[in-house]
Amino acid sequence: MVSYKILLRRRAEAKNNFSYSKALETHPSPEVLVIAQLNRALSLLKSYSFDAALRDVEDVLQVSEMSEKALFRKAQALYQLRRLNESCQTHEILAEKYPDNTLAAHEYARASARLVEQDSGKYEFRKMILEAKKRQPPRLDRGTYIGPVTVKQTQSHGRGLFTTQAVKAGDLLFCEKAFAHAFHDENGSKDLRLLLNVDMDEATIGTQGELIGLIVQKLSKNPSLLPGFVDLHHGTYKSLDVLEVDGIPIVDTYVTSSPS
């Protein structure tokens, strides 16, 4: 079940997005156009629609190349889309042009830390464990590291993970941040999610049902993430070849619910 407060927040975010979109359809003056796009980008960031937010700020930057708000929101959107190199590059411009922006400096440090983890695979695992114990739910913000490994097709057993160089016991091969995460506290008051599949006459209860919904929502709001997700192993099921129709992303729920 989704809490009443969350529903109210989502409704307010959708209303804001709609209002700014309607304002943009009135062909406002260049000044009002920039304000509306910046405000809509902020609203889109809050509703986890990072692709759309990025499009808005890119449009603003075409008109105002050094807009402080546009650069900051661009860096935020890129960070959430895991495009850390681009996020840090945008932060570099922000730091040079607006050195007194303390919030941007904080976000720059965060993005830089994730980039180091992504490039080096160096994590402070003990601190991460302690941090996870303090958080509820225990979600951590860390970068994804892909080390000396690659995915290849085998001759007889589908795809496999292969090392690209000599490794030894104890070497970190990869460490991936979860695409989505559902958590249930048995001692808490959070209700369990019930997901019904009327076509297959099946029901999924608990965090697995919630996880499927979270994945679908994330992909629907950020279709740039679709190619990488649908390429994951999903058994013998043949996924759709089309990712978009009439500008609307197509999320194959059979893939999102497949065990991998």
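List, in the order given, every pair from Lys218/Lys238; Lys152/Lys177; Lys74/Lys218; Lys122/Lys152; Lys74/Lys133; Lys46/Lys97 whose Cα-Cα distance in the structure shown is over 29 Å.
Values: Lys218/Lys238 21 Å; Lys152/Lys177 21 Å; Lys74/Lys218 18 Å; Lys122/Lys152 25 Å; Lys74/Lys133 32 Å; Lys46/Lys97 25 Å.
Over 29 Å Cα-Cα: Lys74/Lys133.
Report the FRET efficiency, 1/(1 + (r/R0)^6), for Asp59 and Leu192, where r is their Cβ-Cβ distance and R0 is 35 Å, rounded to 0.05.
Working: r = 42 Å, r/R0 = 1.20.
Efficiency, rounded to the nearest 0.05: 0.25.
Working from the alpha-carbon coordinates of segment 141-201, get Rg over Rh, Rh being the Kirkwood radius.
Numbers: Rg = 19.0 Å, Rh = 16.2 Å.
Answer for segment 141-201: 1.18.
Of Lys133, Lys152, Lys97, which has the largest mean-square fluctuation in a 10 Å C-alpha GNM of the chain?
Lys152
For segment 71-207, take the convex hull of the Cα atoms, compute a quarter of its surface area, and give me that in nm², please.
Numbers: hull surface 56.2 nm².
Computing the convex hull of the Cα atoms and averaging its projections yields 14.1 nm².
Starting from 0.36 nm per residue, how many nanometres of slack lie between Phe183 and Ile35 once their C-alpha separation is accounted for? List each step's numbers first, then the result.
Details: separation 148, 0.36 × 148 = 53.28 nm, distance 3.79 nm.
Result: 49.5 nm gained on full extension.
Beyond 23 Å, what share of the Cα-Cα pairs of the chain remains, rounded to the nearest whole percent?
The proportion of pairs with Cα distances above 23 Å equals 64 percent.
Tally up the carbon and sulfur contribution to the accessible surface of the chain as a whole percent, 1.4 Å probe, everything protein left in place. Display every interim value, and only then the final one.
Details: 9520 of 17450 Å².
With neighbouring chains kept in place, the figure for the chain is 55 percent.
Using only the Cα atoms of segment 158-260, build the gyration tensor, take square roots of its eigenvalues as a ≥ b ≥ c, and label the shape rounded, prolate or oblate: rounded if a/c is under 1.5, else prolate if a/b is larger than b/c, else oblate.
Working: a/c = 1.93, a/b = 1.23, b/c = 1.57.
It is oblate, given that a/c is not under 1.5 and a/b is not larger than b/c.
Per the Debye formula with a single identical scatterer at each Cα and no solvent contribution, what log10 I(q)/I(0) holds for segment 63-127 at q = 0.15, 0.16, 0.29 Å⁻¹?
The Debye formula, applied to the Cα set alone, gives -0.46, -0.51, -1.24.
Count charges around Asp241 for me, please; just the other residues with Cβ under 13 Å from its Cβ, Lys/Arg as +1, Asp/Glu as -1. The partial results should precede the final answer.
Working: positive: Lys238; negative: Asp231, Glu244, Asp252.
Cβ neighbours under 13 Å give a net charge of -2.
Could you work out how far the C-alpha centroid of segment 137-185 sits from that of segment 90-107, in angstrom?
Answer, in whole Å: 32.
What is the spin-label model distance, in nm, from Asp201 to Gln217 if the labels are put 7 Å beyond Cα along the C-beta direction?
3.1
Each residue of segment 175-181 in turn: what ³J(HN,Hα) in whole Hz from Karplus with 6.51, -1.76, 1.60 and θ = phi - 60°, glycine and Pro shown as x?
Listing the rounded values in order: 8, 10, 6, 4, 5, 8, 9 Hz.
Using the heavy atoms of the protein chains alone and a 1.4 angstrom probe, what is the accessible area of the chain per residue in square angstrom? Write out the running numbers ahead of the final one.
Details: 17450 Å² over 260 residues.
Here the residues of the chain average 67 Å² of exposed surface.
Treat each spin label as a single point 7 Å out from the Cα along the C-beta direction, and report the Ile248 to His157 distance in nm.
Output for this residue pair reads 4.3 nm.
For the chain, with a Gaussian network of springs between Cα atoms less than 10 Å apart, report the residue from Asp100, Asp51, Asp199 with the top mean-square fluctuation.
Of the options given, Asp199 has the highest mean-square fluctuation.
The values are calculated or read from the model by the stated rules, or taken from the named source; none is laboratory data. Since the model is a prediction, treat every value here as computed from it, not as a measurement. Note: ideal-geometry Cβ built from the backbone for every residue, glycine included; neighbour counts use all protein chains shown. Accessible surface is based on the protein model in full, side chains and every heavy atom, while ligands, DNA and RNA are left aside. Shrake-Rupley method; radii C 1.70, N 1.55, O 1.52, S 1.80 Å.
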